[in-house]
Every structure is written in C-alpha cells, then in structure tokens.
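The values are calculated or read from the model by the stated rules, or taken from the named source; none is laboratory data. Computed from a predicted structure; not experimentally measured. Quick reminder, even Gly has a Cβ in these numbers, built from the backbone with ideal geometry, and neighbours come from all protein chains shown. Surface areas here come from the heavy atoms of the whole protein model, side chains and all, with no ligands, DNA or RNA. Shrake-Rupley method; radii C 1.70, N 1.55, O 1.52, S 1.80 Å.
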Amino acid sequence: MTLLIDNIGELSTQHLTGEASPGSGEAAGVIRGAAVVLEGERIAWVGRSSAAPAADERYDAGGRAVLPGWVDSHSHLVFAGDRTAEFEARMAGQPYAAGGIGVTTAATRAASDGELRRLLAARHADAVAGGTTYLETKTGYGLDVENERRSAVLAGEVADEVTYLGAHLVPAGADPEAYTELVCGEMLEAVRPHVRWADVFCERGAFTEEQSRRVLLACRDAGLGLRVHGNQLGHGAGVRLAVEVGAASVDHVNFLADADLEALAGTWEGWAPAGSPGDAGTVATVLPACDLSTRAPLAPARALLDAGVQIAIASNCNPGTSYTSSMNFCVTTAVLQMGLSVQEAVRAATFGGALALRRHAGPDEDGQRAVGSIAVGHRADLHVLDAPSATHLAYRPGMPLTHAVWRAGWRVR
C-alpha cells in the first residue's frame with residue numbers, strides 16, 4: 001500500500017547529505033510545492049508535486065508545511081509523583097539543585113507497574129500528538145537494582161530508545177562509593193538486556209568526574225553507547241569527559257569554557273553527514289525548556305554551531321525541571337531566545353536528535369531505518385503543520401500548529 005502526500009507548501013527534508021533524493025530536483029533542504037510517497041514504514045519517493053508518481057491513496061496537505069517528525073533525544077518519562085512545590089520555590093528565587101530527584105525516586109518506587117505503565121503511556125501519547133515520532137527516555141528514578149530494571153522494561157514498551165541512568169543521584173543514606181560500584185556492577189547487569197545507552201549526571205551534588213568515568217567505562221565495556229549530563233549547574237568535567245570516552249552526546253551544556261567548545265568541535269573535524277553513524281562526533285544537546293524552568297543561563301547554542309559543533313534540541317521532559325514534551329515549544333524557544341534560525345532549530349530537533357542517537361543514517365546493524373530527515377529509504381515519520389512554513393513555529397509562539405503526524409508510515413494524529 002502506497003500513500004501520496006502532495007500539495008505540500010514547504011517540505012523541510014533536513015536531508016543535508018549532498019545526495020539528491022530521486023526525482024526531487026534539489027540536493028537537500030527545503031522543497032516548495034512538494035510531495036512525498038510512503039510505502040509501508042518507509043519513504044519511497046520525494047520530490048515536486050508536479051512529478052509525483054501514482055499511489056494507492058492520496059492525502060492533500062492543503063499547502064501546509066511538512067517536517068520530519070521531531071526526534072526527542074533526551075527525556076525522563078518513567079516517574080510518579082509531583083514536584084510543583086519545588087517549582088514554586090524555584091520561581092520564588094531558590095536555586096535548582098540535583099537533590100529534588102530523591103522526591104521523585106520515592107514516589108516512583110512506591111508506584112505499581114500498572115500505574116507507571118499508565119503514566120508512561122499518557123506522556124508518550126502527548127509527545128506523539130505534538131509531532132514527536134522518535135523518542136529516547138531514561139531510567140533514573142528507581143536507583144536500586146529492581147526498580148532500575150523495572151523502569152527499563154516499562155520504558156521499552158513505548159520508547160524507541162532506552163537509556164540506563166542509574167547514575168542519576170546517590171540515594172539518600174547510601175555511601176557514594178558503594179553506590180557507584182552498584183551502578184557499575186549488579187545494577188548494570190540487571191538493566192543491560194533492556195537498554196541501548198548509558199548516561200551519568202556528572203555534576204556537583206550528583207557524581208564526581210572520577211565516579212562518572214568509572215560508570216561510563218563500565219557501561220562501554222558492557223556494550224552500551226554513552227551519553228553524559230554535563231555542565232548544567234556550572235563549569236565542570238562533563239564535556240571533557242564526554243569527549244574523552246567518545247560519548248554520542250553531552251546534554252545541558254549551559255556553562256562552557258573555550259576549551260570545552262574546542263574539544264567538542266574537534267570531534268567533528270572531517271565528519272560528513274553521509275558517513276557511517278560511527279564516524280559522528282559528540283553532539284551537544286541543548287534543553288531550552290529546562291533552562292527556562294530552572295532560570296539557568298541559556299545553553300550557548302549559537303556559539304556551539306558557530307564553532308562547528310553539531311547540536312540537538314530535546315525536551316528533557318521530567319517532573320522537576322522541564323515538565324513538557326512539546327518540541328514545538330523547545331524549537332520556538334531556541335529561535336526566540338538562543339539565536340538560532342528557524343531552519344537551524346528544526347534541524348537540531350530532527351536530524352540533530354537522530355544524530356545524537358546515531359539513527360541519522362541506516363539501516364544500522366540492528367536493521368532500524370534512519371529517522372530525523374525525509375529521504376528515500378528513511379522511516380516514514382512526518383509532521384504536518386497547520387501553517388504554510390516552519391517559520392510559523394516561532395512567528396506564532398505557543399499556537400497549536402501540529403495538524404497531522406505519521407509515525408513509521410501510520411497516521412497517529
């Protein structure tokens with residue numbers, strides 16, 4: 001069964017590899033008066049409406065803009081409980097500190113599998129309704145062997161990518177060294193079959209540089225890809241450590257020294273978008289909604305791009321510092337407050353997220369199709385805006401602009 005989506009006013013392919021999609025007439029970027037053909041879960045054709053082939057069914061986009069589905073490469077969806085009191089205190093002037101994670105840990109441990117499953121499914125549905133078609137989420141609110149394993153299993157029921165974040169915070173009353181050993185040993189062993197990635201919160205109040213390195217190296221030896229929460233609360237070792245261990249991304253990056261920018265940029269020297277996923281450097285993932293919620297300095301997205309660093313935009317949906325899965329909002333904020341152009345922000349929230357998850361090219365060794373861009377052979381993930389161009393995301397901030405969503409070839413909104 002094939003589906004022709006035509007009469008697209010503006011198609012933002014984000015397919016910036018320098019290779020033309022067959023029939024497109026253009027190498028990459030934006031195509032006006034465009035059409036896309038879906039065949040099952042894959043994109044079968046991309047080009048101008050005037051040259052579109054016949055298909056079994058047709059959908060008239062009505063001159064609307066079409067983007068790749070958002071790729072949200074950083075979220076924390078497996079949790080129970082409420083932290084509005086902490087939010088109110090922060091709005092009244094109290095600084096953010098990592099310790100609030102413990103409140104969510106207690107509530108999550110107390111919740112049943114059924115309750116967590118219901119909450120997780122609802123949050124995932126909200127994200128998809130807003131145009132997110134590929135999503136990573138983490139463990140990290142269990143912080144003991146059984147609850148971390150449980151979180152990974154439940155996350156895998158809805159998320160496209162699951163990350164092990166046993167190194168989120170040392171639980172109250174635990175010895176930091178003994179807990180680090182647990183994260184590197186028995187907990188890792190229990191979670192490993194259910195995750196693809198590992199992460200660590202390398203920050204004051206969480207894990208030291210030395211502890212973070214131990215966690216990352218143990219997880220790398222176990223065959224997991226690596227990510228790092230780093231440089232969120234101040235200058236620190238997160239970026240340096242991420243580069244050292246070859247992490248796919250370092251996330252938050254609010255406080256960067258010149259040496260951090262140079263180190264990240266160095267990982268991208270000689271990189272080509274059409275290359276192997278394994279050739280990519282360390283993506284800097286910025287989290288605009290979190291920056292607003294914590295009243296932190298905005299991550300320097302403009303400086304990162306200007307230095308030659310590939311960036312991603314993600315929601316960081318979590319109960320304490322960014323309780324939103326709206327990638328539309330995050331993209332709008334990146335344009336209005338971080339100094340990105342609309343196309344730069346859209347790219348960071350689509351191709352950039354895929355790059356951070358090493359799903360920008362494919363199929364990979366596990367057979368998954370590429371996401372985050374619209375090109376022949378890629379997964380059929382499309383986000384139709386109720387607007388003639390992507391510029392309206394920033395031009396009309398806060399408006400409900402998601403009109404339709406296709407995920408792996410299925411219309412889900």
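Probing with 1.4 Å while keeping every protein chain in the model, the per residue accessible area of the chain equals 36 Å². Surface composition of region 87-195: carbon plus sulfur atoms contribute 56% of the solvent-accessible area (1.4 Å probe, protein chains only, all chains present). Using only the Cα atoms of region 32-112, build the gyration tensor, take square roots of its eigenvalues as a ≥ b ≥ c, and label the shape rounded, prolate or oblate: rounded if a/c is under 1.5, else prolate if a/b is larger than b/c, else oblate. Prolate.
In whole angstrom, the chain maps to an equivalent ellipsoid with semi-axes of 35, 22, 21, each derived as √(5λ) from the alpha carbon gyration tensor and ordered largest first. A Förster radius of 41 Å combined with the Cβ-Cβ distance from Leu217 to Ala129 puts the calculated FRET efficiency at roughly 0.55.
With every protein chain in place and a 1.4 angstrom probe, the accessible-area ranking of Tyr134, Tyr395, largest first, reads Tyr395, Tyr134. Can you work out the base-10 log of I(q)/I(0) for region 281-413 at q = 0.17, 0.18, 0.22 1/Å, using the Debye formula on its C-alpha atoms alone? Summing over Cα pairs of region 281-413 leads to -0.96, -1.07, -1.42. For Ala198, the amide hydrogen comes within under 5 Å of the amide hydrogens of Tyr164, Gly225, Leu226, Arg227, counting only partners 5 or more places away or on other chains and with H modelled in the peptide plane.
Averaged over residues, the count of other Cβ atoms within 10 Å places the peptides 353-361, 111-119 in the sequence 353-361, 111-119, highest first. What the pair-distance distribution of region 68-169 shows, using all Cα-Cα distances binned every 5 Å from zero, is 2, 13, 22, 22, 19, 14, 7, 1 percent. Where is the GNM fluctuation largest for the chain (alpha-carbon springs, 10 angstrom cutoff): Ser212, Ser50, Ser293? With Cα springs under 10 Å in the chain, the top fluctuation among Ser212, Ser50, Ser293 is at Ser50. Which of Phe87, Phe329, Phe79 moves the most in a Gaussian network model of the chain with Cα springs under 10 Å? Maximum fluctuation in the GNM of the chain, among the listed residues, is at Phe87.
Build a GNM of the chain with springs between Cα atoms under 10 Å apart, and of Val384, Val253, Val103 the one that fluctuates most is Val103. Across region 292-363, C-alpha contacts under 8 Å between residues 6 or more apart give a mean separation that, scaled by the residue count, equals a relative contact order of 32 percent. Taking the Cα centre of the chain as reference, the dipole from Cβ charges on Lys and Arg (+1) and Asp and Glu (-1) amounts to some 880 debye.
Note on region 110-152: the C-alpha convex hull projects to 3.2 nm² when averaged across all orientations. When only Cα pairs below 8 angstrom with a gap of at least 6 residues are kept, the chain shows a relative contact order of 19 percent.
Estimated from helices alone, the mean residue ellipticity of the chain at 222 nm is -9000 deg cm²/dmol (sum of -39500 (n - 2.57) over DSSP H runs with n ≥ 4, per residue). Sequentially through region 320-325, phi angles give Karplus couplings (6.51, -1.76, 1.60; θ = phi - 60°) of x, 10, 6, 7, 8, 10 Hz, Gly and Pro residues having no value and appearing as x.
Only Lys, Arg, Asp and Glu carry charge here, each on its Cβ (+1 for the first two, -1 for the last two); on that basis region 364-409 has a dipole of about 240 debye about its Cα centre. Restricting attention to the chain, close to 45% of DSSP beta bridges with both partner residues there are antiparallel.
Distance between the C-alpha centres of region 52-94 and region 180-204: 27 Å, rounded to the whole angstrom.
Our coupling estimate for region 29-36, obtained by passing each phi through the Karplus curve with A = 6.51, B = -1.76, C = 1.60 and θ = phi - 60°, is x, 9, 10, 9, x, 9, 8, 9 Hz, Gly and Pro reported as x.
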